[in-house]
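Student: Let me give you the structure first, and then I'll get to my questions.
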Amino acid sequence: MRMARGVTLVGASIAALLMAACAPETIVEPNTTVTASPDAVERSTAPTPPPDPRPAVIWPLTGLDATAASDADLNRPALSVKVENTTAARPQSNLEFADVVFEEMVEYGISRLVAIYQSDYPETVGPIRSMRPMDRNIVGSFRGPLIFSGAQRRFINQAAASGITLIAQDVGSGGFFRTKDKPAPHNLHGYLARFQEQSKGAKAPKEQWKFAYPATMASAAMDGKATKSIYIRFSGHAQPHWDWDAQSGLWKRFEGSKPHVVQSGKQLTATNVVVLWVTIQETGATPQGMSVPETLLAGKKGKGWVATDGKRIDITWSKKGQFNRFVLKDGNGEEVLLAPGQTWIELVPSNSNHRSSVEFDK
């Protein structure tokens, strides 16, 4: 009996252990609290990139906003007008509306201007005077006509043979008239609308330079040396200079010590002043006319400066051919960025017997 009971007790114990082993395990969770990461709950969106500061459409010669311009205006040609710049010719009419102005030296050391209009056509421009042999190379890349009055026949023939459209009294063009405020030949003016009609389907110009957007990123503005004044001597008869005006953010032009004003009374200004050292050669006298100095540009290169925002940088320039644009590069070999606006380009002879010179802040 005892043995049997023992067996029974042992069996019962084994059964109890087996039942305990087969029972489901009880899992006790740790007494902790998990807080979600703020980044996981409120992920911030990426910032909106700033808008492109370059306008959707620009005027090709100034880089200014042209989004409001009509297709007809955007596609009109650049009209390059020869404008006299002697004391007898000043004040000129509507010179302040030109997109680009080149100043060149001609006979006797006087300077003459090539004023190029595309973004703004004033009704009239003047006084208009004669062309020179370098003018075809100055205006070739702008793809429009050269407008003038008077020139030696050899220079007219050269320009015509080169493919430039010529609009002049000399070749029977219309649109010229004389005013009564000055004696001839300093009183010849012209209607730009009439000149446009005679442009023989000329195309709108391409961009001539690279522009900075915003303007504060212009090459001279970023890396230039502070400059208050630019004094240019073509000769004893032509000594313009430019003063920086911080209030207007523009360079103001002077002829000698006097402000260079136009008929409206406004002083001429520029956003960018480009000064290029150039080589000149004499063309030699002919039975029909005197020797004329020619500025050599096509296929040439040289040094100079670009002034923007009250600063200047040293540059090099090059022009592959008559119909190629001027290429301006900084000291690192990068193409210069101009600020959008009007640009004056001073072609200063480096080999002149007139002792041409350029000085800053003297």
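Student: Using the 2.2 N^0.38 Å rule of thumb for compact globular proteins, work out how the chain stacks up: its C-alpha Rg over that value, please.
Tutor: Normalised Rg, Cα atoms only: 1.80.
Student: Report the charge-dipole magnitude of the stretch 131-245 in Debye, nearest 20, computed about the Cα centre from +1 at each Lys and Arg Cβ and -1 at each Asp and Glu Cβ.
Tutor: Dipole about the Cα centre, nearest 20: 320 debye.
Student: Under 15 Å Cα to Cα from residue 182, which aspartates and glutamates show up? Leave out anything in the same chain fewer than 8 places away.
Tutor: Partners within reach: 84.
Student: Expressed as a rounded percentage, what relative contact order does the chain have, with Cα pairs under 8 Å and six or more residues apart?
Tutor: Here the relative contact order equals 19 percent.
Student: Order 116, 58 by their accessible area, 1.4 angstrom probe, all chains in place, largest first.
Tutor: The ordering from most to least exposed comes out as 58, 116.
Student: Also, I was wondering about something else. Over the stretch 154-262, what is the relative contact order in percent, taking alpha-carbon pairs closer than 8 angstrom and at least six residues apart? Before the final figure, lay out each step's value.
Tutor: On the way: 86 pairs, mean separation 12.5, N = 109.
Relative CO of the stretch 154-262 lands at 11 percent.
Student: Largest first and in whole Å, give the semi-axes of the stretch 91-147's equivalent ellipsoid, each being the square root of 5 times a Cα gyration tensor eigenvalue.
Tutor: Calculated on Cα positions only, the semi-axes equal 19, 15, 9 Å.
Student: Calculate the dipole size of the chain relative to its Cα centre from +1 charges on Lys and Arg beta carbons and -1 charges on Asp and Glu beta carbons; express the result in debye to the nearest 20.
Tutor: 960
Student: Given labels modelled 7 Å from the Cα in the Cβ direction, how far is it in nm from residue 184 to residue 56?
Tutor: A separation of 5.2 nm, rounded to one decimal place.
Student: Same structure, new question: Report the relative contact order of the stretch 126-182, percent, no decimals, based on alpha-carbon pairs under 8 angstrom and at least 6 residues apart.
Tutor: Relative contact order comes out at 33 percent.
Student: By per-residue mean of other Cβ atoms within 10 Å, what is the highest-first order of 350-356, 265-271?
Tutor: 265-271, 350-356
Student: For the peptides 168-180, 307-319, what is the packing order when you average, over each peptide's residues, the other Cβ atoms within 10 Å and list the highest mean first?
Tutor: 307-319, 168-180
Student: Beyond 17 Å, what percent of the Cα pairs of the stretch 234-317 remain?
Tutor: Every Cα pair in the stretch 234-317 considered, those over 17 Å come to 63 percent.
Student: Looking at the square roots a ≥ b ≥ c of the eigenvalues of the Cα gyration tensor of the stretch 75-218, which shape do they give, rounded for a/c under 1.5, prolate if a/b is larger than b/c, or oblate?
Tutor: Rounded shape, in that the Cα axes give a/c under 1.5.
Student: Next question. Could you tell me which of the pairs 210/303; 82/303; 82/258; 203/266 are separated by over 27 angstrom between their Cα atoms in the structure shown?
Tutor: Over 27 Å Cα-Cα: 203/266.
Student: Moving on. Ranked highest first by the average count of other Cβ atoms within 10 Å around their residues, in what order do 245-255, 197-207, 105-115 fall?
Tutor: 105-115, 245-255, 197-207
Student: In addition: For the chain, find the longest principal axis of its Cα atoms and tell me its angle to the long axis of helix 2-22, 0 to 90°, nearest 10.
Tutor: For helix 2-22, the angle is close to 10 degrees.
The values are calculated or read from the model by the stated rules, or taken from the named source; none is laboratory data. Note that the structure is predicted; figures quoted are calculated from it, not measured. With ideal geometry, Cβ positions are generated from the backbone for all residues, glycine too; neighbour counts draw on all protein chains shown. What goes into the accessible areas is simple: the full protein's heavy atoms, side chains included, and nothing from ligands, DNA or RNA. Shrake-Rupley method; radii C 1.70, N 1.55, O 1.52, S 1.80 Å.
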